[in-house]
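Presented below is the structure to which this report refers.
Read-outs throughout are calculated quantities, based only on the coordinates presented, and are distinct from any laboratory measurement. The model shown is predicted, which means the values in this text are computed figures rather than measured ones. So basically every Cβ, Gly included, is an ideal-geometry build from the backbone, and we count neighbours across all protein chains shown.
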Amino acid sequence: MGLMKSGRVNIVITNHVLRYSYHKNNTVAGMTVHGEVELPEGTIKDGNIENDGVFVEIVNQLVHVHKWKRKRLFFAMPDDTVVIRQLQIPAALAMEETVGYIKTQIGNSLYLPFPDPVIAIESIDADDKYRDILLFAYPEDKIKGFKAAFETAGLRPMAADLTSLSIYRYYYQTKPKDRNHVLLIHWNKDAIVLTAFRNHKAIFTRYMKITVDKETDEEQVQQLINQYMIEINRIIDFYHYSITKGEGKVEQLLLTGDSPFLGMVKSSLSSLIPLPIDGLEQEELPAKYMDVLGLALKNDS
């Protein structure tokens, strides 16, 4: 958490907006500037850069205005295609050998919905024979596409993150930690991402696209919200009965995102699901900025 002489840029990308902040150090208080840029339709689609020229120009303008040339960048990508799996591997394998071992299992005992994944792992538990790990897999081509675009715009990408992990990091580092089973509801304009955390580790995620037209009235929006309340309840039950095998229940809901109807969502959650809700509001910033604040808290290493 030490000071960084050159500061650091943090950027969160969604399919419709780019949120950013600049921090003189990786603390919430270290932020000196923040904002967001609406992306022209078709710039990002399904988490991929569709119009490279437009995206690079938008980032280049930010670099020029804020004098970010050659600044270090941490960025978070849409969670639309991330795969989170809990796996069991031989305990004899050292952690540095695990990624290589997992890659040999892809297509055999392990199936992923995309080729050439970038893989990260976290250890959960181990005994004499086996080690339980969490596998995070993401399409390598998406990461490479963003990294190349940022480099073209004059930034120095240092690390990529998932938006859900960034948001939870903000919660974990700034809020009480007495809840061991937490469901993050990231409700954006075009998608909802539900991510379950057990003992502060992400162990399950579900991505759902949503469509709300400009002509949609409040009654129709409420009907849509009610439909997704059913799905959220299903995930809560799935977590209890399938993921934890009846040994744990969701104790806390985290609600954030950039949906203009977030207030209606929170009211529906309060009336339909008897669990405490943390909206992650901060006095200075709307809830939608919790993703970029959490990204700024990511360690440099």
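Within the listed set GLN220, GLN252, GLN86, the Gaussian network model of the chain (springs between alpha-carbon atoms below 10 Å) gives the highest mean-square fluctuation for GLN220. Taking the DSSP bridge list for the chain and keeping only pairs wholly inside it, about 75 percent are antiparallel.
Structural descriptor for the stretch 176-279: relative contact order 30 percent, calculated from alpha carbon pairs under 8 angstrom and at least 6 residues apart.
Along the axis of the charge dipole computed for the stretch 176-279 (Cβ charges of +1 for Lys and Arg, -1 for Asp and Glu, origin at the Cα centre), the listed residues SER271, VAL193, SER242 are led at the positive end by SER242. Straight Cα distances below 21 angstrom link LYS71 to the lysines LYS5, LYS24, LYS144, LYS147, LYS298, with same-chain residues fewer than 8 positions distant left out.
The label-point distance for ASN233 and VAL212, in a model that sets each label 7 Å from Cα toward Cβ, rounds to 2.1 nm. Compute the distance from the alpha-carbon center of the stretch 82-140 to that of the stretch 211-226, in whole Å. Between the Cα centre of the stretch 82-140 and that of the stretch 211-226, the gap is 40 Å.
If both residues of a DSSP beta bridge must be in the stretch 169-291, then about 70% of such bridges are antiparallel. In this structure the amide hydrogen of VAL17, modeled in the peptide plane, comes within under 5 Å of the amide hydrogens of LEU39, none closer than 5 places in sequence on its chain. Which aspartates and glutamates does LYS69 reach when only Cα atoms under 12 Å apart count, and residues fewer than 8 places away in its own chain are ignored? Hits, sequence-local ones excluded: GLU151. I need the shape label for the stretch 26-71. Rule: rounded when a/c is under 1.5, else prolate if a/b > b/c, else oblate, with a, b, c from the alpha carbon gyration tensor. It comes out prolate by the Cα gyration axes.
Note: relative contact order over the stretch 83-136, using C-alpha pairs below 8 Å and six or more positions apart, is 55 percent. Think of it as helices only: each DSSP H run of n ≥ 4 in the chain is worth -39500 (n - 2.57), and spread over all residues that comes to -9500 deg cm²/dmol at 222 nm. Overall shape: prolate for the stretch 160-215, with the ratio a/c of the largest to smallest alpha carbon gyration tensor axis at 1.5 or above and a/b above b/c. Here the chain is treated with +1 on each Lys and Arg Cβ and -1 on each Asp and Glu Cβ, and its dipole about the Cα centre works out to around 1060 debye. For the stretch 201-293, the share of alpha carbon pairs falling in successive 10 Å distance bins from zero is 13, 42, 36, 9, 0 percent.
A prolate overall shape is assigned to the stretch 47-114, the ratio a/c of its alpha-carbon gyration tensor axes (a ≥ b ≥ c) being 1.5 or greater and a/b exceeding b/c. Only aspartates and glutamates eight or more places from LYS175 in sequence, or on another chain, were considered; those with a Cα closer than 19 Å are GLU251, ASP278, GLU281, GLU283, GLU284, ASP291.
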